[in-house]
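Accompanying notes for the structure given below.
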Amino acid sequence: MLTLGEMMNLKGRRALITGATGGIGQKITETIAELGGSLVLVDKPDADFQQLVEQLQSRWATDINCIECDLEDESSRKELISKVQGQYDQLNILVNNAAFVGMSDLEGWVTDFPQQRVDTWRRALEVNLTAVFELSQGFASQLQQGKGGSIINIASIYGVLAPDYALYKGTNMGNPAAYSASKAGVIQLTRWLATTLAPHVRVNSISPGGIARNQPTVFVKRYMDRTPLRRMAIEDDLKGVIALLSTDASAYITAQNLIVDGGWSAW
(Lines give C-alpha, C1' and ligand atoms only; values in the text may rest on other atoms or scores of the structure.)
Protein backbone atom coordinates (compact mmCIF):
# COMPACT_ATOMS: atom_id res chain seq x y z
CA MET A 1 0.00 0.00 0.00
CA LEU A 2 1.43 3.35 -1.04
CA THR A 3 1.48 6.24 1.39
CA LEU A 4 0.44 9.71 0.28
CA GLY A 5 4.08 10.75 0.59
CA GLU A 6 5.09 8.01 -1.85
CA MET A 7 2.29 8.86 -4.26
CA MET A 8 3.35 12.51 -4.36
CA ASN A 9 7.07 11.92 -4.75
CA LEU A 10 8.35 13.15 -8.13
CA LYS A 11 11.96 12.11 -7.67
CA GLY A 12 13.25 10.72 -10.96
CA ARG A 13 10.59 12.50 -13.02
CA ARG A 14 11.02 15.50 -15.30
CA ALA A 15 8.52 18.28 -15.95
CA LEU A 16 8.51 20.87 -18.74
CA ILE A 17 6.67 24.07 -17.85
CA THR A 18 5.90 26.84 -20.35
CA GLY A 19 5.55 30.40 -19.14
CA ALA A 20 7.74 29.31 -16.24
CA THR A 21 8.83 32.75 -15.04
CA GLY A 22 5.33 34.22 -14.77
CA GLY A 23 3.29 34.37 -11.58
CA ILE A 24 1.52 31.03 -11.98
CA GLY A 25 4.54 29.49 -13.70
CA GLN A 26 6.78 30.17 -10.72
CA LYS A 27 4.35 28.45 -8.37
CA ILE A 28 4.18 25.45 -10.69
CA THR A 29 7.98 25.17 -10.75
CA GLU A 30 8.18 25.56 -6.96
CA THR A 31 5.61 22.82 -6.45
CA ILE A 32 7.31 20.30 -8.71
CA ALA A 33 10.76 21.11 -7.32
CA GLU A 34 9.50 20.69 -3.75
CA LEU A 35 8.14 17.26 -4.68
CA GLY A 36 11.54 16.24 -6.06
CA GLY A 37 11.01 16.62 -9.79
CA SER A 38 13.54 17.86 -12.35
CA LEU A 39 12.61 20.95 -14.36
CA VAL A 40 12.75 22.18 -17.92
CA LEU A 41 11.76 25.84 -17.77
CA VAL A 42 10.46 27.43 -20.96
CA ASP A 43 9.70 31.10 -21.50
CA LYS A 44 10.21 34.01 -23.89
CA PRO A 45 13.73 35.19 -24.77
CA ASP A 46 13.43 38.25 -22.50
CA ALA A 47 12.35 36.23 -19.46
CA ASP A 48 14.37 36.39 -16.22
CA PHE A 49 15.35 32.75 -15.75
CA GLN A 50 18.31 33.49 -13.51
CA GLN A 51 16.33 34.88 -10.59
CA LEU A 52 13.89 31.97 -10.67
CA VAL A 53 16.65 29.35 -10.89
CA GLU A 54 18.49 30.92 -7.96
CA GLN A 55 15.31 30.89 -5.87
CA LEU A 56 14.61 27.26 -6.68
CA GLN A 57 18.14 26.00 -6.12
CA SER A 58 18.43 27.85 -2.82
CA ARG A 59 15.59 25.72 -1.46
CA TRP A 60 15.61 22.45 -3.38
CA ALA A 61 18.47 20.49 -4.93
CA THR A 62 16.96 19.72 -8.31
CA ASP A 63 18.16 19.59 -11.90
CA ILE A 64 17.03 22.64 -13.89
CA ASN A 65 17.36 23.42 -17.58
CA CYS A 66 16.13 26.67 -19.18
CA ILE A 67 15.08 27.03 -22.81
CA GLU A 68 14.00 30.21 -24.56
CA CYS A 69 11.01 29.88 -26.88
CA ASP A 70 8.58 32.30 -28.48
CA LEU A 71 5.42 30.19 -28.43
CA GLU A 72 3.73 32.56 -30.85
CA ASP A 73 6.22 31.49 -33.52
CA GLU A 74 5.84 28.05 -35.11
CA SER A 75 9.53 27.67 -35.97
CA SER A 76 10.49 28.49 -32.38
CA ARG A 77 8.06 25.86 -31.09
CA LYS A 78 9.50 23.25 -33.44
CA GLU A 79 13.01 24.13 -32.30
CA LEU A 80 11.95 23.67 -28.67
CA ILE A 81 10.45 20.26 -29.39
CA SER A 82 13.53 19.13 -31.31
CA LYS A 83 15.87 20.33 -28.57
CA VAL A 84 13.98 18.52 -25.81
CA GLN A 85 13.64 15.36 -27.88
CA GLY A 86 17.38 15.36 -28.51
CA GLN A 87 18.31 15.98 -24.90
CA TYR A 88 15.92 13.67 -23.04
CA ASP A 89 14.75 10.13 -23.69
CA GLN A 90 11.63 10.68 -21.68
CA LEU A 91 9.48 13.40 -20.22
CA ASN A 92 7.00 12.73 -17.44
CA ILE A 93 5.02 15.95 -17.07
CA LEU A 94 4.09 18.72 -19.51
CA VAL A 95 2.48 21.85 -18.11
CA ASN A 96 1.08 24.12 -20.81
CA ASN A 97 0.91 27.27 -18.74
CA ALA A 98 2.05 30.09 -21.05
CA ALA A 99 -0.74 32.36 -22.23
CA PHE A 100 -1.29 35.38 -24.42
CA VAL A 101 -3.06 37.80 -22.09
CA GLY A 102 -2.27 40.97 -24.00
CA MET A 103 -2.23 44.48 -22.53
CA SER A 104 -4.95 47.06 -22.21
CA ASP A 105 -3.22 49.21 -24.85
CA LEU A 106 -2.85 46.39 -27.39
CA GLU A 107 -4.82 47.38 -30.47
CA GLY A 108 -7.90 45.24 -30.98
CA TRP A 109 -7.68 43.52 -27.57
CA VAL A 110 -9.42 45.13 -24.57
CA THR A 111 -12.01 47.07 -26.49
CA ASP A 112 -15.64 46.88 -27.55
CA PHE A 113 -16.50 43.89 -29.74
CA PRO A 114 -16.73 45.87 -33.01
CA GLN A 115 -13.13 47.05 -32.51
CA GLN A 116 -11.61 43.65 -31.63
CA ARG A 117 -9.19 42.71 -34.39
CA VAL A 118 -8.73 39.44 -36.23
CA ASP A 119 -4.92 39.73 -36.20
CA THR A 120 -4.96 40.07 -32.40
CA TRP A 121 -7.43 37.17 -32.19
CA ARG A 122 -4.97 35.03 -34.18
CA ARG A 123 -2.08 35.93 -31.90
CA ALA A 124 -4.04 34.84 -28.83
CA LEU A 125 -5.12 31.54 -30.37
CA GLU A 126 -1.59 30.84 -31.58
CA VAL A 127 -0.18 30.94 -28.04
CA ASN A 128 -3.16 29.81 -26.00
CA LEU A 129 -4.37 26.94 -28.15
CA THR A 130 -2.19 26.11 -31.15
CA ALA A 131 0.98 25.94 -29.02
CA VAL A 132 -0.77 23.61 -26.57
CA PHE A 133 -1.71 21.31 -29.46
CA GLU A 134 1.75 21.34 -31.02
CA LEU A 135 3.69 20.79 -27.79
CA SER A 136 1.35 18.03 -26.66
CA GLN A 137 1.76 16.35 -30.05
CA GLY A 138 5.52 16.87 -30.12
CA PHE A 139 6.14 15.47 -26.63
CA ALA A 140 3.50 12.72 -26.70
CA SER A 141 5.93 9.88 -27.40
CA GLN A 142 8.28 10.95 -24.60
CA LEU A 143 5.38 11.25 -22.18
CA GLN A 144 4.12 7.80 -23.16
CA GLN A 145 7.54 6.29 -22.48
CA GLY A 146 7.95 7.99 -19.11
CA LYS A 147 6.48 6.89 -15.81
CA GLY A 148 3.33 8.69 -14.70
CA GLY A 149 2.83 10.63 -17.92
CA SER A 150 0.72 13.74 -17.28
CA ILE A 151 -0.25 16.79 -19.29
CA ILE A 152 -1.65 19.72 -17.33
CA ASN A 153 -3.20 22.56 -19.31
CA ILE A 154 -3.86 25.90 -17.64
CA ALA A 155 -7.24 27.14 -18.84
CA SER A 156 -9.53 29.71 -17.17
CA ILE A 157 -13.00 30.15 -15.73
CA TYR A 158 -13.60 32.24 -18.83
CA GLY A 159 -13.22 29.09 -20.87
CA VAL A 160 -16.31 27.86 -19.01
CA LEU A 161 -18.30 31.00 -18.22
CA ALA A 162 -19.18 34.22 -20.01
CA PRO A 163 -17.85 37.51 -18.61
CA ASP A 164 -19.83 39.75 -16.28
CA TYR A 165 -19.13 43.17 -17.75
CA ALA A 166 -20.38 44.95 -14.63
CA LEU A 167 -17.06 43.98 -13.02
CA TYR A 168 -15.10 46.15 -15.42
CA LYS A 169 -17.21 49.32 -15.35
CA GLY A 170 -15.06 52.38 -14.75
CA THR A 171 -11.76 50.55 -15.36
CA ASN A 172 -9.56 49.94 -18.41
CA MET A 173 -10.01 46.19 -17.96
CA GLY A 174 -12.02 43.90 -20.22
CA ASN A 175 -12.53 40.37 -21.48
CA PRO A 176 -11.59 39.84 -25.15
CA ALA A 177 -13.41 37.19 -27.16
CA ALA A 178 -10.12 35.59 -28.20
CA TYR A 179 -9.10 34.91 -24.60
CA SER A 180 -12.36 33.17 -23.69
CA ALA A 181 -12.56 31.23 -26.95
CA SER A 182 -8.96 30.04 -26.75
CA LYS A 183 -9.34 28.90 -23.14
CA ALA A 184 -12.57 27.06 -23.97
CA GLY A 185 -10.62 25.37 -26.75
CA VAL A 186 -7.94 24.32 -24.27
CA ILE A 187 -10.56 22.59 -22.11
CA GLN A 188 -12.03 20.66 -25.03
CA LEU A 189 -8.56 19.82 -26.38
CA THR A 190 -7.78 18.46 -22.91
CA ARG A 191 -10.69 16.02 -23.16
CA TRP A 192 -9.72 15.03 -26.70
CA LEU A 193 -6.09 14.42 -25.73
CA ALA A 194 -7.13 12.46 -22.65
CA THR A 195 -8.97 9.86 -24.71
CA THR A 196 -6.36 9.89 -27.47
CA LEU A 197 -3.27 9.45 -25.27
CA ALA A 198 -4.84 7.04 -22.78
CA PRO A 199 -3.92 4.77 -21.10
CA HIS A 200 -0.29 5.88 -20.82
CA VAL A 201 -0.75 9.65 -20.42
CA ARG A 202 -3.32 11.46 -18.29
CA VAL A 203 -4.50 14.87 -19.49
CA ASN A 204 -6.30 17.40 -17.30
CA SER A 205 -6.84 21.13 -17.20
CA ILE A 206 -7.06 23.69 -14.42
CA SER A 207 -9.34 26.71 -14.67
CA PRO A 208 -8.27 29.38 -12.17
CA GLY A 209 -10.57 32.17 -11.12
CA GLY A 210 -9.42 35.77 -10.95
CA ILE A 211 -5.99 36.19 -9.38
CA ALA A 212 -5.17 39.28 -7.33
CA ARG A 213 -2.61 41.33 -9.24
CA ASN A 214 -3.06 44.93 -8.17
CA GLN A 215 -6.26 45.41 -10.11
CA PRO A 216 -8.31 48.56 -9.50
CA THR A 217 -9.90 48.61 -6.05
CA VAL A 218 -13.41 48.88 -7.47
CA PHE A 219 -12.89 45.75 -9.58
CA VAL A 220 -11.46 43.78 -6.65
CA LYS A 221 -14.42 44.69 -4.41
CA ARG A 222 -16.93 43.66 -7.05
CA TYR A 223 -15.09 40.41 -7.65
CA MET A 224 -14.87 39.56 -3.95
CA ASP A 225 -18.56 40.36 -3.40
CA ARG A 226 -19.45 37.87 -6.15
CA THR A 227 -17.18 35.09 -4.82
CA PRO A 228 -18.39 32.78 -2.02
CA LEU A 229 -14.94 32.70 -0.36
CA ARG A 230 -14.94 36.52 -0.46
CA ARG A 231 -11.48 36.98 -1.91
CA MET A 232 -9.59 36.77 -5.19
CA ALA A 233 -7.18 33.92 -5.72
CA ILE A 234 -3.44 34.12 -5.14
CA GLU A 235 -0.92 32.02 -7.05
CA ASP A 236 -0.33 29.80 -3.99
CA ASP A 237 -3.93 28.60 -4.28
CA LEU A 238 -2.89 26.59 -7.36
CA LYS A 239 -0.04 24.65 -5.75
CA GLY A 240 -2.27 21.95 -4.29
CA VAL A 241 -4.01 21.11 -7.55
CA ILE A 242 -0.68 21.13 -9.41
CA ALA A 243 0.72 18.70 -6.83
CA LEU A 244 -2.33 16.48 -7.30
CA LEU A 245 -2.32 16.37 -11.10
CA SER A 246 1.44 16.03 -11.54
CA THR A 247 1.78 13.03 -9.22
CA ASP A 248 0.39 9.53 -8.75
CA ALA A 249 -2.11 10.98 -6.27
CA SER A 250 -4.24 11.53 -9.41
CA ALA A 251 -3.40 8.21 -11.07
CA TYR A 252 -7.09 7.61 -11.89
CA ILE A 253 -7.97 11.17 -12.88
CA THR A 254 -8.01 12.18 -16.53
CA ALA A 255 -10.09 14.31 -18.92
CA GLN A 256 -11.09 16.64 -16.09
CA ASN A 257 -11.19 20.43 -15.85
CA LEU A 258 -10.61 21.36 -12.21
CA ILE A 259 -12.03 24.78 -11.40
CA VAL A 260 -10.13 26.69 -8.71
CA ASP A 261 -12.25 29.81 -8.29
CA GLY A 262 -13.32 30.21 -4.67
CA GLY A 263 -16.84 29.18 -5.65
CA TRP A 264 -17.31 31.84 -8.35
CA SER A 265 -18.84 29.34 -10.79
CA ALA A 266 -21.43 28.11 -8.25
CA TRP A 267 -23.69 31.08 -9.03
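The values are calculated or read from the model by the stated rules, or taken from the named source; none is laboratory data. Just so it is clear, the model here is predicted, and its values are computed rather than measured. With ideal geometry, Cβ positions are generated from the backbone for all residues, glycine too; neighbour counts draw on all protein chains shown. Keep in mind that these areas ignore ligands, DNA and RNA; they rest on the heavy atoms of the full protein, side chains included. Shrake-Rupley method; radii C 1.70, N 1.55, O 1.52, S 1.80 Å.
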Long-range HN-HN contacts of residue 69 with modeled amide H, under 5 Å:
43, 44
Along the Cα→Cβ direction, 7 angstrom out, place labels at residue 177 and residue 165. What is the inter-label distance in nm?
1.3 nm
How much area per residue is accessible in region 119-170 when the probe is 1.4 Å and only protein heavy atoms are counted (Å²)?
42 Å²
In the structure shown, do any of 27/78; 44/169; 27/183; 44/83; 183/221; 11/239 have a Cα-Cα gap over 22 Å, and if so which?
27/78; 44/169; 183/221
Formal net charge of residues neighbouring residue 65 (Cβ-Cβ distance under 10 Å; K, R +1; D, E -1)
+1
Using a 1.4 Å probe on the protein heavy atoms only, what accessible surface does residue 217 show? Give it in Å² to the nearest 10.
120 Å²
Kindly provide the helix-only [θ] at 222 nm of the chain, computed as the sum of -39,500 (n - 2.57) over DSSP H runs of four or more divided by all residues, to the nearest 500 deg cm²/dmol?
-11500 deg cm²/dmol
When a/c is below 1.5 the answer is rounded, else prolate if a/b is larger than b/c, else oblate, so apply that to region 214-267 with a ≥ b ≥ c taken from the square roots of the Cα gyration tensor eigenvalues.
prolate
Only sites in a loop by DSSP and with at most 14 other Cβ atoms within 10 Å count here; which GluC sites (Glu not before Pro) in region 89-186 make the cut?
107
Which one of 251, 228, 241 has its Cα pushed farthest toward the positive end of the charge dipole of region 213-254, where Lys and Arg give +1 and Asp and Glu give -1 at the Cβ?
228
Taking mean projected area of the Cα convex hull in nm² as the quantity of interest, determine which of (1) 15.8; (2) 14.5; (3) 12.5 was computed from the displayed structure.
(2)
Would you kindly find the accessible area of residue 231, with a 1.4 Å probe and non-protein molecules such as ligands, DNA and RNA excluded, rounding to the nearest 10 Å²?
110 Å²
For the charge dipole of the chain, defined by +1 on Lys and Arg C-beta atoms and -1 on Asp and Glu C-beta atoms about the Cα centroid, which residue among 136, 193, 96 has the Cα displaced farthest towards the positive pole?
193
Protection proxy ranking, peptides 136-146, 176-186, average beta carbon neighbours within 10 Å, highest first:
176-186, 136-146
Within the accessible area of the chain, what % is carbon and sulfur when the probe is 1.4 Å and the other protein chains stay in place?
52 percent
Excluding ligands, DNA and RNA, what is the solvent-accessible area per residue of region 1-42 at a probe of 1.4 Å, expressed in Å²?
39 Å²
Could you size up the charge dipole of the chain around its Cα centre, putting +1 on the beta carbon of Lys and Arg and -1 on that of Asp and Glu, and report it in debye to the nearest 20?
740 debye
Expressed in nanometres to one decimal, the distance between label points 7 Å along Cα→Cβ at residue 267 and residue 122 is 4.1 nm
Taking Cα pairs closer than 8 Å and at least 6 residues apart, the relative contact order of the chain in percent is 19 percent
Could you tell me which of rounded, prolate or oblate describes region 1-67, using a ≥ b ≥ c as the square roots of the eigenvalues of the alpha-carbon gyration tensor, with rounded for a/c under 1.5 and, failing that, prolate when a/b is larger than b/c and oblate otherwise?
prolate
Computed from the beta carbon distance with a Förster radius of 41 Å, FRET efficiency for residue 112 and residue 50 to the nearest 0.05 stands at 0.50
